[in-house]
1. On a full-extension model of 0.36 nm per residue, what is the gain between Val398 and Asp17, subtracting their alpha-carbon distance, rounded to one decimal in nm?
2. Out of Gly175, Leu96, Ala111, whose Cα points farthest toward the positive end of the dipole of the range 84-235 (charges: +1 Lys, Arg; -1 Asp, Glu; placed on Cβ)?
3. Could you work out the local net charge near Cys189, counting Lys and Arg as +1, Asp and Glu as -1, over the other residues with Cβ closer than 15 Å to its Cβ?
4. Hey, what's the per residue convex hull volume over the C-alpha atoms of the range 181-316, in cubic angstrom?
5. I'd like the FRET efficiency for Phe35 and Gln88, computed as 1/(1 + (r/R0)^6) with the beta carbon distance as r and R0 of 30 Å, rounded to 0.05.
6. Note the full-extension length gain between Gln190 and Val419 as 0.36 nm times their separation in residues minus their Cα-Cα distance, in nm to one decimal.
7. Rounded to the nearest 20 Debye, what is the dipole magnitude of the chain about its Cα centre when Lys and Arg each give +1 and Asp and Glu each give -1 at the C-beta?
8. Under 1.5 on a/c is rounded, so check that first for the range 1-73, then, if it is not, pick prolate when a/b is larger than b/c and oblate when it is not; a ≥ b ≥ c are the square roots of the alpha carbon gyration tensor eigenvalues.
Amino acid sequence: MKWVSTRRNSPPVPFIDALFAGTAPDGGLYFPQQFDPLPASSLERIRSADLAEIGTIVGTHLLTGEITEQEMGPIVRSALDFAIPLVQVSDRAWALELSHGPTLAFKDVGARVQARLLHHFTDGTPLTILVATSGDTGSAVAQAFHGVPDSRVFVLYPEGQVTDVQEAQMASLGGNITAVAVAGTFDDCQGLVKQAFADDELRKRVWLTPANSINLGRLLPQVIYYFLLARLARSSDDEGLIVSVPSGNFGNLTAGLIAKRIGLPVRGFIAATNVNDVVPQYLRSGIYSPRASVRTVANAMDVGAPSNFERIRALYDDDLDRMREDLVGAAFEDTAVVAEIGRVYREHGYLLDPHGAIAWLALQQHLAQSPRAMGVFLATAHPAKFREVVEPAIGQAVPLPATLAEALSRPRSSARLRVDYSALVDLVLS
Ligand SMILES: *Cc1c(COP(=O)(O)O)cnc(C)c1O
């Protein structure tokens, strides 16, 4: 299997090159050259398999010729060591709960598999991961690489400007993870990291590895969990299964569309957004106009220029009519989201987080028009992660999950850094 750029102006590369490169030389995003459907026998196995087995089958299929089942098995087993339950919420709607990983959000899936893939494809040369964060990305990357052999992670965050929980998740791990409190802003952190990646002298001495979210190593693992829906898809009637995906940068939805392309038997997808609705607008009008983002209660989806949408357009050769056969859009305002969290808790006893609530709302709208369809919405974050929104909506406290309570109680230590590039180099080489 070869990997091509969405902009078609770079040569095809093997997976290992795409994995370590991040973006393609022409500025595009890497993408499979062709999509081979899963053999019927694999789909049959998937219907009764557990998560790790599904990950092994799907991962090996996506990386045909580049990794074996024997190699893929241990990677997914160690990365996906938490549950991804499919929970029935109402008579025709199920939640796929992607929120039980160490940082309580679905990004754990991509980041944890990516970390292990990077390690697998090295020759034992130690990796150095440098990442700047305003909070969430850094904690997911730190947790993902924690304990992965031959890797060191430096997470730069603006001192005093991340939440207590985020700092606990980065600074209480120790081992191969160094949290770095920078006496500056997030932009200062990002500037230092960019300077390091542009520093050829430093890059001769340490193998700097990108761990960004547009990387294939992060995207492909997300295809895996969609196949947990295969067992539901079989029992649904001919209107088929609809999957609603709460979207920001659209990596999650891209993975779902890839799953369908290689054989997941679902009817189609809903691109569910908050008022940052560039993609739902495009699906309606055919006009794509990225713009500055607006803050909402579902802040992990506050994106005005979604990075992965380029991949979705490439999947459909930029043919909007074909895209519309698989995809519809829906967008919701904060007031509707908060009210729905309260209503669903009272009527169904199910606690939504703001992101999952948007996907649920979009699904309800769709099911109301399709009386025999069934649907799944992706619950991308744990409600306890968004207590300041969820608690007023339901009028009661949300207990902290054990993993989070434990992180908060562990001792923390961060290296301190001035906004000074030579000090960063000293730290990385120390
Ligand atoms: C990142 C994130 C999203 C959006 O996912 P994309 O792949 O960027 O579309 C949705 N919900 C939560 C909780 C997230 O952290």
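1. Values: separation 381, 0.36 × 381 = 137.16 nm, distance 4.41 nm.
Full-extension gain reported as 132.7 nm.
2. Result: Leu96.
3. Numbers: positive: Lys194, Arg416, Arg418; negative: Asp136, Glu159, Glu167, Asp187, Asp188, Asp420.
Spelling it out: positives minus negatives among the neighbours equals -3.
4. Numbers: hull volume 23.5 nm³, N = 136.
Spread over its residues, the Cα hull of the range 181-316 gives 173 Å³ apiece.
5. Values: r = 31 Å, r/R0 = 1.03.
So, using R0 = 30 Å, E works out to roughly 0.45.
6. Values: separation 229, 0.36 × 229 = 82.44 nm, distance 1.06 nm.
Separation in residues times 0.36 nm, less the Cα-Cα distance, equals 81.4 nm.
7. Numbers: 37 positive and 46 negative charges, 39 e Å.
The calculation lands at about 180 debye.
8. Working: a/c = 2.94, a/b = 2.20, b/c = 1.34.
Taking the square roots of the gyration eigenvalues as a ≥ b ≥ c, the range 1-73 is prolate.
Each value in this text was obtained by applying a stated rule to the coordinates, not by laboratory testing. Quantities reported herein were computed from a predicted structural model and do not represent experimental measurements. Backbone-built Cβ (ideal geometry, glycine too); neighbour counts: all protein chains shown.
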